[in-house]
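*Asks:* A single structure is presented below for examination.
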Amino acid sequence: MSSPYRFVVPVPRRAATGTVAAVYAASAHELGALFAPHLSPAPDLHAALWAVLRESMLTGTAPRARKEAVAAAVAVVNRCPFCIDAHTAMLHATGEHGLAAAVLRGEEPDALVAWARSTRSAAPAPWPFPVALAPEYVGTALANHFINRMVDALRPGSPLPGGALRSPSRRAAGFVLSRTVRRTLTPGQSLALLEPVAGPVASPWAGDGPVAVAWAAFERAATAGGDLLGDAARAVLHEAVAAWRGEHPELGGWPGTVLDAVPEEERAGARLALLAALAPYRLTESAVAAWRSSVGPRGDEELVRVLAYGAFAAVRQLAGRMVVTEGSA
């Protein structure tokens, strides 16, 4: 059977050890599926992203259904088929069938969904929830912006069978997962998987609890791939991301002249990072092959890290645009 993953070979569950095995075991029990096997070649990134997702979306005081609505709305604006299906199925699992259908149609049935959709834009809406819930809601949104990009790059398509029958498939998957989403989980348990971060820079939304600790570890792991890119490649990536207003790049010609300022020897890596940031669904075999041949022997771990660096550049830009206000959900 062919693998649903592109360009990388995930660590098989039976062969997993250490943090990869721990993430697989925890996510199978708490999420109802193995979390992001395509990231397993970079175990520290895999574990840190799992910790951010778990501590923001799966635990806490905000209703799970509300956070699944945020995740689904983010997936819709990012046009990530896998994540759209996964999170609308989870919404069905919580019993929110009407909300799942509305989010899937691109509607904004309430202020929280409208905010979640706006987080991809140049001017996100103010927070429609109390500051105390920002670690959960903002963490869920930002984690899923990153997840959408890495899924589109390395595991595109739907997780559900059925093609045209996807709507019934989502509801059926939701029925199977209904017990899982109702579990009460203890905050902080994923932090044991992480290496301590000395003096993490506080994020204005993350508070000082488990989400903040997980985010610091995730930021460190996600930015490690910058060492695999040249100075010019990093500069062009960050310049392009800073100028990005949330639009999906045009089909014809992009990235066009964006890479002209990058030396030839750095251009293949810059292209991968830029695609991961702004158009991960356009990652191609030829782009990956060009990078591998330009830098010598590079394995799956290095590819995951270069893509993660680009994806996180976009997520950090989105986080910096957040409007921090005290509201009510």
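*Asks:* What's the longest piece of the chain with no exposed trypsin sites (Lys or Arg not before Pro), counting a site as exposed if DSSP puts it in a loop and it has at most 10 other beta carbons within 10 Å?
*Replies:* 106-244
*Asks:* Further question on the same structure: Please build a GNM for the chain, connecting alpha carbons under 10 Å apart, and tell me which residue among 158, 286, 56 fluctuates the most.
*Replies:* Maximum among the listed residues: 286.
*Asks:* Tell me, in nm to one decimal, what length is gained between residue 293 and residue 192 on full extension, where the rule is 0.36 nm per residue of separation less the Cα-Cα distance?
*Replies:* 32.6 nm
*Asks:* ³J(HN,Hα) across region 50-65 via Karplus (A = 6.51, B = -1.76, C = 1.60, θ = phi - 60°), whole Hz, x for Gly/Pro?
*Replies:* Ordered by residue, 3J(HN,Hα) equals 4, 4, 4, 5, 4, 6, 8, 9, 8, 10, x, 9, 5, x, 4, 4 Hz.
*Asks:* Something else: Subtracting the Cα-Cα distance from 0.36 nm times the residue separation, let me have the gained length for residue 323 to residue 108 in nm, one decimal.
*Replies:* 75.5 nm
*Asks:* Starting at the first residue of region 247-263, write each ³J(HN,Hα) from the Karplus equation 6.51 cos²θ - 1.76 cosθ + 1.60 with θ = phi - 60°, in whole Hz, x for Gly and Pro.
*Replies:* For region 247-263, the Karplus-derived couplings read 6, 7, x, 4, 5, x, x, 6, x, x, 8, 4, 8, 4, 7, 9, x Hz, x marking Gly and Pro.
*Asks:* Remind me, relative contact order of the chain in percent, using alpha carbon pairs under 8 angstrom and six or more residues apart?
*Replies:* 25
*Asks:* Show me, for region 292-303, the HN-Hα J-couplings you get by feeding each phi into the Karplus relation (A = 6.51, B = -1.76, C = 1.60, θ = phi - 60°), rounded to Hz, glycine and proline as x.
*Replies:* 3J(HN,Hα) across region 292-303, in whole Hz: 4, 6, 7, 10, x, x, 10, x, 5, 4, 5, 5.
*Asks:* Given the -39500 (n - 2.57) contribution per DSSP H run of 4+ residues, what per-residue ellipticity at 222 nm results for the chain, rounded to the nearest 500 deg cm²/dmol?
*Replies:* Value at 222 nm, helices only: -17500 deg cm²/dmol.
*Asks:* Roughly how many Å is it from the Cα centre of region 39-56 to that of region 61-132, as a whole number?
*Replies:* Value for the Cα centre distance between the two parts: 21 Å.
*Asks:* Continuing with the same structure: List the longest stretch of the chain that has no exposed loop site; here a site is one of the GluC sites (Glu not before Pro) assigned by DSSP to anything other than H, G, I, E or B, with at most 12 other Cβ within 10 Å.
*Replies:* That gives 1-246 as the longest site-free run.
Only the coordinates and a few stated rules stand behind these numbers; no lab work does. Computed from a prediction, not measured in an experiment: that's the story for all the values here. Every residue, glycine as well, gets a Cβ built from its backbone with ideal geometry; the counts of neighbours run over all protein chains shown.
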